[in-house]
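A.B. asks: Structure incoming, see below.
The values are calculated or read from the model by the stated rules, or taken from the named source; none is laboratory data. These numbers come from a predicted model, not from an experiment. Here Cβ is always computed from backbone atoms with ideal geometry, including for glycine, and neighbour counts include all displayed protein chains. We work out accessible area using only protein heavy atoms, side chains counted, and drop any ligands, DNA or RNA first. Shrake-Rupley method; radii C 1.70, N 1.55, O 1.52, S 1.80 Å.
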Amino acid sequence: MPLKVYNSYSRQKEIFTAITPGHAGMYVCGPTVSGESHLGHARPYITFDFIYRYLVFKGYKVRYVRNITDAGHFEEEGRVAEDKVTKKALLEKLEPMELVQKYTNLFHWAMLQFNCIEPGIEPTATGHIVEQLNMIEKIIAEGYGYEVNGSVYFDVKKYAATHDYGKLSGRIIDDLLETTRELDGQEEKRDKADFALWKSAAPEHIMRWKSPWGDGYPGWHIECSAMATKYLGARFDIHGGGMDLLFPHHESEIAQSTICNHHSPARYWIHNNMITVNGRKMGKSYNNQIKLTEMFSGNHPLLTQPFDPMTIRFFILQSHYRSPIDFSSEALQASEKAMKRLWEAYEVLKKLAIGNGVPAIDMELDKKIVQLVNELEEFMDDDFSTAKVLANLFELAPIINSIKDGHIPTGAVSTDTLQLLKSSFKIYLEDILGLKSSTANDNSALDGVLQLLIDIRKEAKAKKDYATSDKVRNQLLSLGIALKDEKDGSSTWNFE
RNA sequence: GGUCCUGUGGCCGAGUGGCUAGGCAAAGCUCUGCAAAAGCUUCUACACCAGUUCGAAUCUGGUCGGGACCUCCA
C-alpha cells in the first residue's frame, strides 16, 4: 500500500516516492530558543515525530534534521531594564549563549516529556554562519541579492519574473508589491516584497557576526536553506513546519535555494495546522499562550488541572494534523480519560495468554478484528490519519476487555488473530503514535508491598470484615493508587 | 482590502455522494459485599438558501458566521 501525503505545494495528496529509494530526507523548522515553548509549539514536533516514526515503519532510513534557531534579534523576555551600575557587572550582563542554552535545554526536556524521538541532526543557526554567508554571496553573484548599508536583501521582483514566487503560499506577487507596512529597514529595500538575507546589527544587538558587509546577523529564512542544503542536499524529500510558516518563511526558502542550488529544495511540503484558544491561534500577539511547563503543572488560569504530556500528545493525535485544534481544559480532560481507557485495554491485551494454532469459532468476530487491524495501515497511508487509527483501536478495546472478562468465550477468536492484535497494538500505539504509559509501574519493591496489602484485604474480605478491606482500598486511593477487584477474585492496582 | 481554510449531535472531533467513525458527558441494565473498572443498550447530527443528482454532511452557486496568512510566528 503506497503512502499518500498532502503536499502543500501542489495542494493535493500525492503518492510518496523517495528520491533515493529506501531513504528519506526530512527537514523540519525547529524552535526559536529565545523563549519558552508553549502548547502551540508542541504540535509540529509531535506531528513530525509520528511522521518520522511512520516513515521508519514503512521501511525508510530517515535522515531527520530539525534546526535550532538561536540567532537573530534576541531579547530576553521579562528582563527589567538594568541600571548603569549593574550593567557594568560582567555576570549581570546578558550573555547570548546563556539565554539560548537555557531555552534549548528546556525545549529538549519538553520533547522528552512528549516522547518525541530526537532528530538525527539538530543544527544551530549560529553554528552555520559560514554556510549562510556562502549562500548569500552566491545569491549576490547570481544577481539576486543586493547590499544596502551593510544589509543584504533578496530581489523578489527579479526572481518572480522567471520563477513562480508565491506558488507555495498561494500568493500573487502583484498583491505583495502593494502591501504597505512599516517595517525596520523597509526603506532600504528596492521593493516591499524583498526580504533580508543579512541584517546589519545596531549597537544594542546582542548577537553579531563579521561579514563582508560589516557586523550583522543572518536573515530569518537563510538558516534553514543553508542547513537543509548542507545535510540533505540541494533536493530532498520532505520539508515540514507549521502552516503559519508558509509565508513568508518557506516561500522565501524556496526562492533562495532555487537561486543558489538551481533546484527547488523539497519535493513534499507538509504543514501542520494551528492550536487555537477560543478559536484564536495561540501566539504571542494574542497573549493567549500556555507554556508547556504550565500545561504540565496546571498553573494557568485557563487550566482546571495539570495535564500529563501523554494526554497532550493523545489530544493532538485525536484530530488530523491539517485541522485546527481548539484547546480547552474540558477537551483535554476527555482525552485524558479516553487515553487511560485505551491504555488499560492495551495492558490487558499484553497480559493475555495466547496459545498456538487454535482456529476461530466465531468467524465473523475474527474477521472483524482482522479488518479493523488491517485498516490501521490504510489510515496512516492516507496522509497520516491518526484520528482514524485511534477510532479503530477504540473499537478493538471492548473486544479485548470482553475476551478477558469472558463475555467473549475463549477460542472465539483464533490465536493467530490474537497475536496480530497484540503486535498491532504495540506497533501503532507505541511505535507509531509514540504513546507510552504515563506512569511506569515497574518498581518491584512497590509491587511487592501492594501485593501484600492486596492479600491482607482479601483475607479481610473473606471474613466479611469490610471495614478493613475498605480502609485498605480507600487509603491507597488517597495516595493515588487504585485497587480493582477482578472477576476471578484477584485484585489489580494502578496509579490514578 | 487581497489570498486561503472552515461551520458536524450536550461537548470534542473523523468523514473519499449511497453503507449510523470514534471519544467525553448523560441515562438504563449486567457484574459486584460495596466501589471502581469493564460489558451491553439508548442519544442518527451535519450554519442557512437554492441548484446538480435516482440519491449530498460530502459537488456547484449564494447568504451569514468563525479562523489563518499577507508582520515575528509552530
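A.B. asks: Any residue in the stretch A:218-231 that is of a type in the set (S, T, N, Q) sitting within a Cβ distance under 8 Å of a residue that is more than 10 Å from RNA strand B (Cβ to nearest atom) and open to solvent by 40 Å² or more (accessible area, probe 1.4 Å)? List the pairs, counting only those 6 or more apart or interchain.
C.D. replies: Close Cβ pairs satisfying both conditions: A:THR229/A:GLU131.
A.B. asks: Would you pick out the residues in the stretch A:427-456 that are open to solvent by less than 70 Å² (accessible area, probe 1.4 Å) and modelled with pLDDT of 90 or more?
C.D. replies: Across the stretch A:427-456, the qualifying residues are A:ILE427, A:TYR428, A:LEU429, A:GLU430, A:ASP431, A:ILE432, A:LEU433, A:GLY434, A:LEU435.
A.B. asks: A follow-up question, please. For the condition open to solvent by less than 60 Å² (accessible area, probe 1.4 Å) and either within 14 Å of RNA strand B (Cβ to nearest atom) or outside the structural domain of A:PRO306 (by TED's automatic domain parsing) (or both), what is the one hit in A:GLU395, A:GLU375, A:GLU459?
C.D. replies: A:GLU375
A.B. asks: Continuing with the same structure: When you go through A:LEU376, A:LEU393, A:LEU372 one by one, which is the residue that is modelled with pLDDT of 95 or more and under 30 Å from A:ASN278 (Cα atoms)?
C.D. replies: Criteria check complete, one pass: A:LEU393.
A.B. asks: Taking the stretch A:472-496, which residues are more than 10 Å from RNA strand B (Cβ to nearest atom), in a helix (DSSP H, G or I) and not polar (S, T, N, Q)?
C.D. replies: Once the filter is applied, which keeps residues that are more than 10 Å from RNA strand B (Cβ to nearest atom), in a helix (DSSP H, G or I) and not polar (S, T, N, Q), the stretch A:472-496 yields only A:LEU476.
A.B. asks: Of all residues in the stretch A:92-137, which are over 29 Å from A:TYR52 (Cα atoms) and crowded, with 21+ Cβ neighbours inside 10 Å?
C.D. replies: Within the stretch A:92-137, A:LEU99, A:LEU133, A:ILE136 meet the criteria.
A.B. asks: Filter the stretch A:270-287 down to residues that are over 20 Å from the mean Cα position of the chain (by Cα) and either crowded, with 20+ Cβ neighbours inside 10 Å or assigned to a loop (DSSP other than H, G, I, E, B) (or both), then give me how many there are.
C.D. replies: Total satisfying the criteria: 3.
A.B. asks: So, one more: For the stretch A:348-372, give me the residue count where each residue is within 14 Å of RNA strand B (Cβ to nearest atom), in contact (Cβ under 8 Å) with a residue 40 or more places away in the chain and surrounded by 15 or more Cβ atoms within 10 Å (Cβ to Cβ).
C.D. replies: 5
A.B. asks: Something else now. If we scan the stretch A:214-226, do we find a residue that is aliphatic (A, V, I, L, M) and surrounded by fewer than 20 Cβ atoms within 10 Å (Cβ to Cβ)?
C.D. replies: Within the stretch A:214-226, none of the residues are aliphatic (A, V, I, L, M) and surrounded by fewer than 20 Cβ atoms within 10 Å (Cβ to Cβ).
A.B. asks: Let me ask something else. Return the residues of the stretch A:1-51 that are touching a helix residue (DSSP H, G or I) at 6+ places or on another chain (Cβ under 8 Å) and among the hydroxyl-bearing types (Ser, Thr, Tyr); say none if nothing qualifies.
C.D. replies: Passing the criteria: A:SER8, A:TYR27, A:SER34, A:SER37, A:TYR45, A:THR47.
A.B. asks: Any residue in the stretch A:296-313 that is farther than 18 Å from A:PHE48 by Cα and within 7 Å of RNA strand B (Cβ to nearest atom)?
C.D. replies: No, every residue in the stretch A:296-313 fails to be farther than 18 Å from A:PHE48 by Cα and within 7 Å of RNA strand B (Cβ to nearest atom).
A.B. asks: Exactly one of (1) away from RNA strand B (no atom under 15 Å from the Cβ); (2) touching a strand residue (DSSP E or B) at 6+ places or on another chain (Cβ under 7 Å) is unmet by A:PHE195. Its number?
C.D. replies: Among (1) away from RNA strand B (no atom under 15 Å from the Cβ); (2) touching a strand residue (DSSP E or B) at 6+ places or on another chain (Cβ under 7 Å), the lone unmet condition for A:PHE195 is (1).
Yes/no per residue for (1) more than 10 Å from RNA strand B (Cβ to nearest atom); (2) in a loop (DSSP other than H, G, I, E, B); (3) open to solvent by 20 Å² or more (accessible area, probe 1.4 Å); (4) among the acidic types (Asp, Glu):
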position	(1), (2), (3), (4)
A:MET1	yes, yes, yes, no
A:VAL5	yes, no, no, no
A:SER10	yes, yes, yes, no
A:ALA24	yes, no, no, no
A:GLY30	no, yes, no, no
A:GLY35	no, yes, no, no
A:PRO44	no, no, no, no
A:ASP49	yes, no, no, yes
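A.B. asks: Let me ask something additional. It is to be established whether one or more residues within the stretch A:234-245 are in the same structural domain as A:LYS13 (by TED's automatic domain parsing), in a loop (DSSP other than H, G, I, E, B) and over 27 Å from A:LYS436 (Cα atoms).
C.D. replies: Taking every residue of the stretch A:234-245 in turn, at least one turns out to be in the same structural domain as A:LYS13 (by TED's automatic domain parsing), in a loop (DSSP other than H, G, I, E, B) and over 27 Å from A:LYS436 (Cα atoms).
A.B. asks: In the stretch A:289-322, how many are open to solvent by 10 Å² or more (accessible area, probe 1.4 Å) and not in a helix (DSSP H, G or I)?
C.D. replies: Matching residues across the stretch A:289-322 total 16.
A.B. asks: Is it the case that some residue within the stretch A:406-426 is in contact (Cβ under 8 Å) with a residue 40 or more places away in the chain, of a type outside the set (D, E, K, R), loosely packed, with under 15 Cβ neighbours inside 10 Å and within 16 Å of RNA strand B (Cβ to nearest atom)?
C.D. replies: Yes, because at least one residue in the stretch A:406-426 is in contact (Cβ under 8 Å) with a residue 40 or more places away in the chain, of a type outside the set (D, E, K, R), loosely packed, with under 15 Cβ neighbours inside 10 Å and within 16 Å of RNA strand B (Cβ to nearest atom).
A.B. asks: I need a count of the residues in the stretch A:253-287 that are touching a residue at least 12 places away in the same chain (Cβ under 8 Å), over 17 Å from A:LYS13 (Cβ atoms) and within 9 Å of RNA strand B (Cβ to nearest atom).
C.D. replies: Here the count works out to 9.
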